[in-house]
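The values are calculated or read from the model by the stated rules, or taken from the named source; none is laboratory data. Since the model is a prediction, treat every value here as computed from it, not as a measurement. Neighbour counts are summed over all protein chains in view; Cβ atoms, including those assigned to glycine, are modelled from backbone coordinates with ideal geometry.
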Amino acid sequence: MKIVVPIKRVVDPNVKIRVKPDGSGVDLASVKMAMNPFDEIALEEAVRLKEAGKADEVVAVSIGPQQAQETLRAALAIGADRAILVRCEGRIEPLTVAKLLRIIAEREAPDLVLAGKQAIDDDSNQTGQMLAGLLGWPQATFASAIVVDGSNVEVTREVDQGLMTLSLTLPAVITADLRLNEPRYASLPSIMKAKKKPLEELSPEELGIDVAPRLEVLEVSEPAARKAVRMVSSVDELLLKLKEEARVL
Ligand code: AMP
């Protein structure tokens, strides 16, 4: 089984981001970048499937600037066998990513595309779904458990009412949720080994895809500052404040 793992380079989730003064987006100048956390989880799952003898090859794919090479090297250190970078500058929309991934999927013919459920920078939660639609493959989103059995895969999803289990036939697209696993840290020897693993570079033109955005971002703004919180010492005090100060009772 071959698994393709799409990996996005995003702002490190531990960094406090700032909106540009002109409101055109988030200021990315000299901000620490990292692998999208849900993609780390997807990659970890793919590597575990390989370690369990269920998969033979894991291919990490990123669409982004030249620097996304570093993110792909990190994926190779965690256990991907090879990587592909489709070099694109600027904002790339989920539909464009899905179209590029479709071409890669047609070239690579994987049994499984295991993506993150969403990129934490744009919170779109669209790419996996669009890719499955474009490929005409079954999809299971928000996976919290994946069991591969031959050409079938069972995916558990956490839904409001409890757990939902879906059965899919491969090839399929699955997107990873937070509780699927806990990703490992790459060891120093594997970081060194990753430097020698193959990393292919392609351009969207070679793949015949126009990457020009179709959506216009009108404005990006900071969330409103939260009001100060006051602690109360008892339910009686809370009721009193709700009656006399907030006047909602
Ligand atoms: P999104 O639909 O943007 O929230 O992204 C969902 C998932 O699609 C991510 O977790 C990644 O697995 C994949 N993805 C999105 N953008 C990219 C990209 N530029 N390069 C590679 N994978 C991506």
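Would you call Ala42 within 12 Å of the ligand (Cβ to nearest atom), within 19 Å of Pro94 (Cα to Cα) and in contact (Cβ under 8 Å) with a residue 12 or more places away in the chain?
When the stated conditions are applied, Ala42 passes them.
Which one of Leu218, Leu168 is free of Cβ contacts under 8 Å to residues at least 40 places away in the same chain and either among the hydroxyl-bearing types (Ser, Thr, Tyr) or part of a loop (DSSP other than H, G, I, E, B) (or both)?
Checking each option against the conditions leaves just Leu218.
Return the residues of the stretch 56-66 that are within 16 Å of the ligand (Cβ to nearest atom) and part of a strand (DSSP E or B); say none if nothing qualifies.
Those that are within 16 Å of the ligand (Cβ to nearest atom) and part of a strand (DSSP E or B): Val58, Val59, Ala60, Val61, Ser62, Ile63, Gly64.
Just the residues that are more than 18 Å from Arg107 (Cβ to Cβ), part of a loop (DSSP other than H, G, I, E, B) and charged (D, E, K, R), please, taken from the stretch 187-212.
Of everything in the stretch 187-212, those that are more than 18 Å from Arg107 (Cβ to Cβ), part of a loop (DSSP other than H, G, I, E, B) and charged (D, E, K, R) turn out to be Lys195, Lys196, Lys197, Asp210.
Which one is farthest from Val148 (Cα to Cα), of the residues in the stretch 82-128 that are among the β-branched types (Val, Ile, Thr) and part of a helix (DSSP H, G or I)?
Thr96
Quick test for you: out of Leu85, Leu72, Leu95, Leu43, pick the one residue that is over 13 Å from Lys8 (Cβ atoms) and not hydroxyl-bearing (Ser, Thr, Tyr).
Leu95
If we scan the stretch 66-82, do we find a residue that is touching a Gly at 6+ places or on another chain (Cβ under 7 Å), under 26 Å from Asp27 (Cα atoms) and either among the acidic types (Asp, Glu) or touching a residue at least 60 places away in the same chain (Cβ under 8 Å) (or both)?
So far as the stretch 66-82 goes, no, none of its residues is touching a Gly at 6+ places or on another chain (Cβ under 7 Å), under 26 Å from Asp27 (Cα atoms) and either among the acidic types (Asp, Glu) or touching a residue at least 60 places away in the same chain (Cβ under 8 Å) (or both).
From Arg91, Arg184, Arg107, which residue is away from the ligand (no atom under 14 Å from the Cβ) and in contact (Cβ under 8 Å) with a residue 40 or more places away in the chain?
Unique residue meeting the criteria: Arg184.
Restricting to the stretch 223-244, name every residue that is at pLDDT 90 or above and in a loop (DSSP other than H, G, I, E, B).
Met231, Val232, Ser233, Ser234
Rundown of residues vs (1) in contact with a helix residue (DSSP H, G or I) (Cβ under 6 Å, 6 or more places away or on another chain); (2) surrounded by 19 or more Cβ atoms within 10 Å (Cβ to Cβ); (3) at pLDDT 95 or above, yes/no style:
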{"residue": "Val58", "(1), (2), (3)": "yes, yes, yes"}
{"residue": "Ala77", "(1), (2), (3)": "yes, yes, yes"}
{"residue": "Cys88", "(1), (2), (3)": "no, yes, yes"}
{"residue": "Thr96", "(1), (2), (3)": "no, yes, yes"}
{"residue": "Leu101", "(1), (2), (3)": "yes, yes, yes"}
{"residue": "Arg107", "(1), (2), (3)": "no, no, yes"}
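Is it true that Ala75 is more than 20 Å from Glu201 (Cα to Cα), within 14 Å of the ligand (Cβ to nearest atom) and in a helix (DSSP H, G or I)?
So Ala75 does not fit the description; no.
Enumerate the pairs (first residue in the stretch 27-38 and under 13 Å from Gln67 (Cβ atoms) and at pLDDT 95 or above; second residue anywhere and surrounded by 13 or more Cβ atoms within 10 Å (Cβ to Cβ) and small (Gly, Ala, Ser)) with beta-carbon separation below 6 Å, excluding pairs fewer than 6 apart on the same chain, so at least 6 apart or on different chains.
If the second residue must be surrounded by 13 or more Cβ atoms within 10 Å (Cβ to Cβ) and small (Gly, Ala, Ser), the pairs left are Met35/Ala74.
Please state which one of Leu249, Leu163 is outside any loop (DSSP other than H, G, I, E, B), exposed (fewer than 14 other Cβ atoms within 10 Å of the Cβ), in contact with a Lys or Arg (Cβ under 8 Å, 6 or more places away or on another chain) and aliphatic (A, V, I, L, M).
Leu163
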